[in-house]
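So the structure is just underneath, and the comments pick up after that.
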Amino acid sequence: MGVIIKSSLVLALILYFISGTLYVLGGKKEVQTLFLAAKVAALGGALANLTALVLRTMMTGRLPLTDGYEFLLLFTWVTVLLYLLYEKLSKNKQGGAVLMFIAAFLLSSIFILMPEHHGRYTPLMPALKSPWLTSHVLSAVLAYGAFALGAALASIQLIRKDSVEDINVYRAVGGGFVMLSISIVLGGVWAEQAWGTYWSWDPKETWALITWIIYAIYLHVYRSKGWRGHNANLMVLAGFVLVLFTFFGVNYLLSGLHSYG
């Protein structure tokens, strides 16, 4: 089954990259058929990504929520899903190129950092055997996906100032902020049950808090004169860099209670 999972992810990675390229070409030439092909490729990539998630669930006998490999699979899929929903509701295709390249980057990191994980898994640690796990991780995934969408839209806004309304970036970040807040609270409850304390200043907890503060500042100053637009979008990108560091940096550079995650 590991071979099928790997093949599904290779297909998803290729389709995400193709989709991003087509979004770029469609944006330059304003050719609707290219945008349509980009969306089809994105849908195909999401389907292949979902196949890997389902197979992983069947292989482990549990939801794919307990390690960095599974988190990346779900994070990538949710990010693409949120973008496709945004495109359908807003009828705006700007941001598709950046978002799909983000998705391709996330999946490629699996092949670089965790090449042996496709067919391998280990028994759950005692701390992971908690009913709070699902809600904590799912809310974090939704937060990260929303922040990725916000970063993609902010990037386009910085490049082409009239192509994306600021309010779309604000809404994406606002939704992500709510979910991150919920995730932190649920994580605290889980930590108290697992380790006897709601907050231990573990590296991931600390960097999650720093990320939360950055986005809280953005939401607070968004409507202030001198911040809306260029400066606000830079803050959104800085926040997403912190999101990536909270995952990759903590897992591979720092040690702590969350290092297994």
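Here are some notes:
Residue-wise test of (1) part of a helix (DSSP H, G or I); (2) of a type outside the set (S, T, N, Q); (3) touching a residue at least 60 places away in the same chain (Cβ under 8 Å).
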{"residue": "Glu70", "(1), (2), (3)": "yes, yes, no"}
{"residue": "Ala97", "(1), (2), (3)": "yes, yes, yes"}
{"residue": "Phe101", "(1), (2), (3)": "yes, yes, yes"}
{"residue": "Leu107", "(1), (2), (3)": "yes, yes, yes"}
{"residue": "Gly119", "(1), (2), (3)": "no, yes, yes"}
{"residue": "Met179", "(1), (2), (3)": "yes, yes, no"}
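- Count of region 1-46 residues, restricted to those that are more than 15 Å from Leu81 (Cα to Cα), free of Cβ contacts under 8 Å to residues at least 60 places away in the same chain and crowded, with 20+ Cβ neighbours inside 10 Å, is 2.
- Taken over region 196-221, the criterion of being among the aliphatic types (A, V, I, L, M) and within 21 Å of Val137 (Cβ to Cβ) is satisfied by Ala208, Leu209, Ile210.
- Residue satisfying condition, being among the small types (Gly, Ala, Ser), closer than 19 Å to Val10 by Cα and crowded, with 16+ Cβ neighbours inside 10 Å, within set Ala151, Ala103, Ala140: Ala103
- Screening Thr79, Thr51 for residues that are buried (at least 20 other Cβ atoms within 10 Å of the Cβ), assigned to a helix (DSSP H, G or I) and in contact with a helix residue (DSSP H, G or I) (Cβ under 9 Å, 6 or more places away or on another chain) leaves exactly one candidate, Thr79.
- Being in a loop (DSSP other than H, G, I, E, B) and at pLDDT below 95 holds for only one residue in Lys6, Lys93, Lys28, Lys88, and it is Lys93.
- Residues that are farther than 20 Å from Gly95 by Cβ and in contact with a helix residue (DSSP H, G or I) (Cβ under 7 Å, 6 or more places away or on another chain), drawn from region 222-240: Trp227
- Qualifying residue in region 109-120 (condition: modelled with pLDDT of 95 or more and farther than 22 Å from Asn231 by Cβ): no
- Residues being among the small types (Gly, Ala, Ser) and in contact (Cβ under 8 Å) with a residue 60 or more places away in the chain - total across region 199-251: 3
The values are calculated or read from the model by the stated rules, or taken from the named source; none is laboratory data. Since the model is a prediction, treat every value here as computed from it, not as a measurement. In this analysis, Cβ positions are derived from the backbone assuming ideal geometry, glycine residues included, and neighbour counts consider all displayed protein chains.
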